[in-house]
1. Can you tell which of 111, 115 is crowded, with 16+ Cβ neighbours inside 10 Å, more than 14 Å from the ligand (Cβ to nearest atom), aliphatic (A, V, I, L, M) and assigned to a loop (DSSP other than H, G, I, E, B)?
2. Determine, yes or no, whether residue 88 is in a loop (DSSP other than H, G, I, E, B), away from the ligand (no atom under 14 Å from the Cβ) and crowded, with 22+ Cβ neighbours inside 10 Å.
3. Any residue at all in the stretch 88-104 that's more than 23 Å from residue 233 (Cβ to Cβ), touching a residue at least 12 places away in the same chain (Cβ under 8 Å) and touching a strand residue (DSSP E or B) at 6+ places or on another chain (Cβ under 6 Å)?
4. Which residues, taken from the stretch 266-275, are more than 16 Å from the ligand (Cβ to nearest atom) and either surrounded by fewer than 17 Cβ atoms within 10 Å (Cβ to Cβ) or charged (D, E, K, R) (or both)?
5. Kindly evaluate residue 223 against the criterion of being near the ligand (Cβ under 10 Å from one of its atoms), at pLDDT 95 or above and buried (at least 18 other Cβ atoms within 10 Å of the Cβ).
6. Restricting attention to the stretch 118-146, which residues are part of a loop (DSSP other than H, G, I, E, B) and either within 16 Å of the ligand (Cβ to nearest atom) or in contact with a Cys (Cβ under 9 Å, 6 or more places away or on another chain) (or both)?
7. I need a count of the residues in the stretch 205-220 that are under 21 Å from the mean Cα position of the chain (by Cα), surrounded by fewer than 24 Cβ atoms within 10 Å (Cβ to Cβ) and more than 11 Å from the ligand (Cβ to nearest atom).
8. Which residue is nearest to residue 280 (Cα to Cα), if the candidates are limited to the stretch 230-265 and must be within 16 Å of the ligand (Cβ to nearest atom) and of a type in the set (Gly, Ala, Ser)?
Amino acid sequence: MASGGCRYTYDEYKETADWLLAHCRIHPKIAVICGSGLGGLAELLSDRIVFPYQQIPHFPQSTVSGHAGRLVFGELGGKQCVCMQGRFHFYEGYPINKVTFPIRVFHLMGIEALIVTNAAGGLNEQFNVGDIMFIRDHINMPGFGGQNPLCGSNEERFGPRFPCMSDAYDGTFRQMAVNSAVELGYQDFVREGVYCMLAGPSYETIAESRMLKILGADAVGMSTVPEVVLARHCGMRVFGISLITNKVVTEYGSPEKANHEEVLQTAKVRAEALQTLVSNLVGRMD
Ligand code: HPA
């Protein structure tokens, strides 16, 4: 690893990509990142080839419960794809470049489309626990504080110094996902909105939750945004999906308290619908 222990060289990304291409007969164009409690998606793949992260050169390890820590190649919705079963979070203590390491590896492997999933707290009053939110846009709160994975010298072989983010989430993919939701009869619990990333791991205070609502966030979580920024930098098309696992508390004196068990429990209840939706969407991608 290069300077400061938190930057990778182009050659390191390339070594990992070449290793995976050499060890796997499947060379997909679609990658899926499974969020908290949503790793079951990877189990749906047929003809699977599995690589625990420990086996893959330079790959970080996953430490949080609800995340398995392996790369699964196979077929979903009739398309070849690769799933990250377990992602890396900033709150685990990883430098932001480690969190996003797999994205550039995917790019060098020929991945063109990225599907990101996460568990998130609902801020929008209209949202219910168990809703599925298609991400229209994001607020990169750690980025405001200098934790953007693109900070530092720019590697032109991946993308430009100042990448545009006004079209971070692909509108065509989102429309395709709406079509999937209609076909599956999921309209009643499918929403669209803005995802805000906080570093975590502590949940929001009431004052913070109120602030996020005023800023225009519909859902809040602790992941996804760094990966999306890096994916857009190297030209991947992105579709993002948040499972609303809890309502964020915005009233003092409320008996509700955010907790990881509730997040995992809701994920369990809605995981199957979310997986079916992603599978249907992947089937529509060309
Ligand atoms: N806040 C932040 N992250 C989360 C939440 C939440 O309420 N729920 C799931 N991830």
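1. 111
2. Numbers: in a loop (DSSP other than H, G, I, E, B): yes; away from the ligand (no atom under 14 Å from the Cβ): yes; crowded, with 22+ Cβ neighbours inside 10 Å: yes.
Taking the combined requirement at face value, the residue satisfies it.
3. Taking the stretch 88-104 and keeping what is more than 23 Å from residue 233 (Cβ to Cβ), we get 93.
With touching a residue at least 12 places away in the same chain (Cβ under 8 Å) added as a condition, the list becomes none.
Within the stretch 88-104, not a single residue is more than 23 Å from residue 233 (Cβ to Cβ), touching a residue at least 12 places away in the same chain (Cβ under 8 Å) and touching a strand residue (DSSP E or B) at 6+ places or on another chain (Cβ under 6 Å).
4. Let us first name the residues in the stretch 266-275 that are more than 16 Å from the ligand (Cβ to nearest atom), namely 272-273, 275.
The one that is more than 16 Å from the ligand (Cβ to nearest atom) and either surrounded by fewer than 17 Cβ atoms within 10 Å (Cβ to Cβ) or charged (D, E, K, R) (or both): 272.
5. Numbers: near the ligand (Cβ under 10 Å from one of its atoms): yes; at pLDDT 95 or above: yes; buried (at least 18 other Cβ atoms within 10 Å of the Cβ): yes.
It is true that residue 223 is near the ligand (Cβ under 10 Å from one of its atoms), at pLDDT 95 or above and buried (at least 18 other Cβ atoms within 10 Å of the Cβ).
6. Step one: filter the stretch 118-146 for residues part of a loop (DSSP other than H, G, I, E, B), giving 123-131, 145-146.
123, 124, 125, 127, 128, 129, 130, 131, listed by residue number.
7. The initial filter retains those residues of the stretch 205-220 that are under 21 Å from the mean Cα position of the chain (by Cα), namely 212, 216-220.
Keeping just the survivors that are surrounded by fewer than 24 Cβ atoms within 10 Å (Cβ to Cβ) gives 212, 216.
With the extra rule that they be more than 11 Å from the ligand (Cβ to nearest atom), the set shrinks to 216.
Number of matching residues: 1.
8. Within the stretch 230-265, the subset within 16 Å of the ligand (Cβ to nearest atom) is 240-251, 254-265.
Retained after the next criterion (residues that are of a type in the set (Gly, Ala, Ser)): 240, 242, 254, 258.
Values: 240: 15, 242: 17, 254: 39, 258: 31 Å.
Across the stretch 230-265, the extreme among qualifying residues is 240.
The values are calculated or read from the model by the stated rules, or taken from the named source; none is laboratory data. A quick note: this is a predicted structure, and the numbers were derived from the prediction, not measured. Please note: Cβ atoms are built from the backbone with ideal geometry, for glycine as well, and neighbour counts cover all protein chains shown. Just so you know, the surface numbers come from the protein's heavy atoms only, side chains and all, with ligands and any DNA or RNA stripped out. Shrake-Rupley method; radii C 1.70, N 1.55, O 1.52, S 1.80 Å.
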